[in-house]
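Only one structure is covered here, and it is reproduced in the block below.
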Amino acid sequence: MMSFARKVVLTLSAHPWVTRLVSRYGMKWGASRFVAGETMADTVRTVKELNAEGLRVTLDLLGEGVTTKEEAAAATRAAIESLDVIGAEGLNSTISVKLTQLGLDIDPGLCLDHMDQIAAKAEETGNFVRIDMEDSLRTEATLDLFKTLLPRYGTERIGTVIQSYLYRSEQDVRELGKLGANLRIVKGAYKEPREVAYLEKRDVDANYLRLVKMHLLQGGYTAVATHDPQIIDWTKRLVREHHISNDQFEFQMLYGIAGTLQRDLVKEGYHVRVYTPYGKDWYPYFTRRIAERPANALFVLKGLLRR
């Protein structure tokens, strides 16, 4: 159930006056804590700083509500450009894309063509692209597209995401494991009905552990996406007990969250990847970060007072 504080934040963030104000000054007031930059040049500097501390990166171009073929084509070009920039700058970074940003809701065939272009660029540049998972209404279409592209490009170039709050995910991991898929395991962030998803945190967490263990023991590369120290410690014990190489998994966290934990894990010899959003359409993402933990609003208030 959504907390009262989160409801307040999301309600306020939708107000036109708040939207205009934060969109104009938000990067100065605190959005830069969670967003690498509005331009690729700013983002490159941020990635180099993270790389210098031993952190890997995945770049995630922000943008929601794509409704035209032209917008989907522009997002595709931006993803391809980011792969070229990563190669030219020598960055330790992959990219992540959302299929709705590439036109999934407009025309699945068009989306497949766009994703094919991006995967081909990843192959050309020796990089990797992660297909993000969205709400449950798009899970089947996302996995179908992923399975279509996987034989063409292989697990070294393309991967996807599984959400532990969905009932179907255990079967999905079992089937994807047979294909050797590279999977990012997350809990899930969309509001879903009881018919398709666990609603209690303890059930989501328990399924998360089952999925991580299942995929690791299947031999598949596993991205353990969590900021939860207990889950991280559990994963460390699991890989030790089963003699799983550190090269078969990595921890993943969001840019601007749990920075000390990220760096401590690197010092311990683990691979850590930081999901790093960038782009001009940062406002919805920023408000979600505030809503998830309203205490983050303090960073914005401090920025306002500094003005």
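Would you check if LYS7 is open to solvent by 20 Å² or more (accessible area, probe 1.4 Å) and either at pLDDT 85 or above or within 30 Å of LYS267 (Cβ to Cβ) (or both)? No. For the structure I just gave you, tell me whether ASP228 is in contact with a strand residue (DSSP E or B) (Cβ under 9 Å, 6 or more places away or on another chain) and among the charged types (D, E, K, R). Here the answer is no, as ASP228 does not meet what is asked. Restricting the search to the range 93-106, which residues are in a helix (DSSP H, G or I) and open to solvent by 10 Å² or more (accessible area, probe 1.4 Å)? Across the range 93-106, the qualifying residues are THR100, GLN101. Looking at GLY109, GLY159, which one is within 28 Å of ALA74 (Cβ to Cβ), open to solvent by 20 Å² or more (accessible area, probe 1.4 Å) and not in a loop (DSSP other than H, G, I, E, B)? Step by step, each of GLY109, GLY159 is checked, and only GLY109 is within 28 Å of ALA74 (Cβ to Cβ), open to solvent by 20 Å² or more (accessible area, probe 1.4 Å) and not in a loop (DSSP other than H, G, I, E, B). Looking across the range 116-142, the residues that are assigned to a helix (DSSP H, G or I), touching a strand residue (DSSP E or B) at 6+ places or on another chain (Cβ under 7 Å) and farther than 22 Å from ASP205 by Cα come down to ILE118, ALA119, ALA122, THR142. Contact annotation: residue pairs with Cβ atoms under 7 Å, 6 or more positions apart or on different chains, pairing a residue in the range 35-48 that is in contact (Cβ under 8 Å) with a residue 24 or more places away in the chain and more than 14 Å from GLY90 (Cα to Cα) with a partner that is open to solvent by 50 Å² or more (accessible area, probe 1.4 Å) and among the acidic types (Asp, Glu), are ALA36/ASP42. For the range 51-74, a tally of residues being in contact (Cβ under 8 Å) with a residue 60 or more places away in the chain, among the acidic types (Asp, Glu) and surrounded by 13 or more Cβ atoms within 10 Å (Cβ to Cβ) returns 2. Of all positions in the range 64-72, at least one carries a residue that is of a type in the set (Ser, Thr, Tyr), out of contact with any Lys or Arg (no Cβ under 9 Å at 6 or more places or on another chain) and either modelled with pLDDT of 95 or more or closer than 15 Å to ALA119 by Cα (or both). Restricting the range 144-156 to residues that are touching a residue at least 12 places away in the same chain (Cβ under 8 Å) and part of a helix (DSSP H, G or I) leaves a set whose member that is farthest from THR226 (Cα to Cα) is ARG152. Does ARG77 meet the test of being surrounded by fewer than 20 Cβ atoms within 10 Å (Cβ to Cβ), assigned to a helix (DSSP H, G or I), of a type outside the set (Val, Ile, Thr) and more than 17 Å from the chain's Cα centre (by Cα)? Yes. Report yes if GLY90 is open to solvent by less than 20 Å² (accessible area, probe 1.4 Å), without any contact (Cβ under 8 Å) to a residue 60 or more places away in the chain and over 17 Å from GLN252 (Cβ atoms), otherwise no. No.
From the set of residues in the range 228-243 that are over 21 Å from TYR255 (Cα atoms) and among the charged types (D, E, K, R), which is least open to solvent (accessible area, probe 1.4 Å)? That would be LYS236.
Among the residues of the range 134-150, those identified as modelled with pLDDT of 95 or more and open to solvent by 10 Å² or more (accessible area, probe 1.4 Å) are SER136, LEU137, ARG138, GLU140, ALA141, ASP144, LEU145, LYS147, THR148, LEU150.
The condition of being open to solvent by less than 10 Å² (accessible area, probe 1.4 Å), within 20 Å of the chain's Cα centre (by Cα) and among the small types (Gly, Ala, Ser) holds for only one of ALA225, ALA189, ALA181, that being ALA181. Selection of first residues in the range 252-268 that are touching a residue at least 24 places away in the same chain (Cβ under 8 Å) and more than 10 Å from ILE232 (Cβ to Cβ) and of second residues that are among the polar types (S, T, N, Q) and buried (at least 16 other Cβ atoms within 10 Å of the Cβ), restricted to Cβ pairs under 7 Å at least 6 apart or on distinct chains, gives the following pairs, ordered by first then second residue: TYR255/THR276. Within the range 162-172, which residues are under 13 Å from PHE146 (Cα atoms) and surrounded by 23 or more Cβ atoms within 10 Å (Cβ to Cβ)? Across the range 162-172, the qualifying residue is only ILE162. Residue count for the range 80-92 under the criterion of being touching a Leu at 6+ places or on another chain (Cβ under 6 Å) and outside any helix (DSSP H, G or I): the result is 0.
The values are calculated or read from the model by the stated rules, or taken from the named source; none is laboratory data. All values reported here derive from a predicted model rather than from experimental measurement. Here the Cβ is made from the backbone with ideal geometry for all residues, glycine too, and neighbour counts use every protein chain on show. Remember, those area values only see protein heavy atoms, side chains included, never the ligands or the DNA or RNA. Shrake-Rupley method; radii C 1.70, N 1.55, O 1.52, S 1.80 Å.
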